[in-house]
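Reading through the structure tokens given below for one structure.
The values are calculated or read from the model by the stated rules, or taken from the named source; none is laboratory data. Just so we're clear, the structure is a prediction, and the values are computed from it rather than from any experiment. Cβ coordinates were reconstructed from backbone atoms using ideal geometry, including for glycine residues, and neighbour counts include every protein chain displayed.
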Amino acid sequence: MIPPTHPRYKSLKTRDLLSNFTKTGIVTLEGLTAHGRGEAFDYLIGERTTDSALLAERTAGALLRLARHPVISVNGNTAALAATEISKLQRASKALVEVNLFHRTEDRVNAIEHLLRDVGVNVLSGPIERLLPLPHNRAWCRHDGIYSADVVLVPLEDGDRCEALVGMGKKVITIDLNPLSRTARSATLTIVDELTRALPQITKACIELSENEMKELITSLDNHYLLSDAIGEMTLRLSHALD
């Protein structure tokens, strides 16, 4: 048995968590596949928060805090892995939280919303409409939620909705361990870090940053640099993999 101090312990606990939530319908089989893909990229950055990722997380806190109408979009994987962290971020950022799913059923939406509410998240409720220019279920959202947002945090996102939201004039923050993905390249701000490491850092930034610091971070935002640095970190680790 791997002890809790072993570097792989957290990964194994995460897999157990996702497996259990798959049995309840909160996580889909496609969600398991997506997590495994992200886990591979996490190995390439050494399963740690890099300096550029921390900069991105602080910038994300600034964007959320200074937004007119911030929204955190939650899918099944995010709820399963980080419901408590979402609750803390909501309190710090004052953002709305809305469940938005590709594999959408009413039972699954209700289960995810129940999980979030159990840990103190104030989940947006009310009628949904097909408001986003997409051909699938992610088009369904609430008018006073994602549709009206000026800043949207979309952890573990799919590329087409990210592109659609940016095309609607919204600032999109994503958490994506793959700096080469369509989501990472189309977002306003990409955090190349693991979800449960990233969210507490965003929350911390929301609490600690002054208004001047937030404005400076937003003004200096360069997503191309953040992605390039993440790729550089991965390349460096690969070049020394057998040292």
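Okay, here's what the table says:
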| item | result |
| --- | --- |
| Index of the failed condition, Glu98 passing every other in (1) acidic (Asp, Glu); (2) surrounded by fewer than 22 Cβ atoms within 10 Å (Cβ to Cβ); (3) farther than 30 Å from Ile231 by Cβ | (2) |
| In region 139-154, the residues that are within 17 Å of Val109 (Cβ to Cβ) and among the aliphatic types (A, V, I, L, M) | Ala139, Ile146, Val154 |
| Residue among Asn122, Asn110 that is over 13 Å from the mean Cα position of the chain (by Cα), farther than 23 Å from Ala187 by Cα and at pLDDT 95 or above | Asn122 |
| Enumeration of residues in region 119-160 that are farther than 24 Å from Ala62 by Cα and touching a His at 6+ places or on another chain (Cβ under 9 Å) | Gly126, Pro127, Ile128, Glu129, Leu131, Asn137, Asp160 |
| Total residues in region 155-181, condition farther than 21 Å from Ile45 by Cβ and surrounded by fewer than 17 Cβ atoms within 10 Å (Cβ to Cβ) | 4 |
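Rundown of residues vs (1) out of contact with any Pro (no Cβ under 9 Å at 6 or more places or on another chain); (2) farther than 30 Å from Met234 by Cα; (3) touching a residue at least 40 places away in the same chain (Cβ under 8 Å); (4) surrounded by fewer than 22 Cβ atoms within 10 Å (Cβ to Cβ), yes/no style:
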site: Glu113; (1), (2), (3), (4): yes, yes, no, yes
site: Trp140; (1), (2), (3), (4): yes, yes, yes, yes
site: His143; (1), (2), (3), (4): no, yes, no, yes
site: Leu153; (1), (2), (3), (4): no, no, yes, no
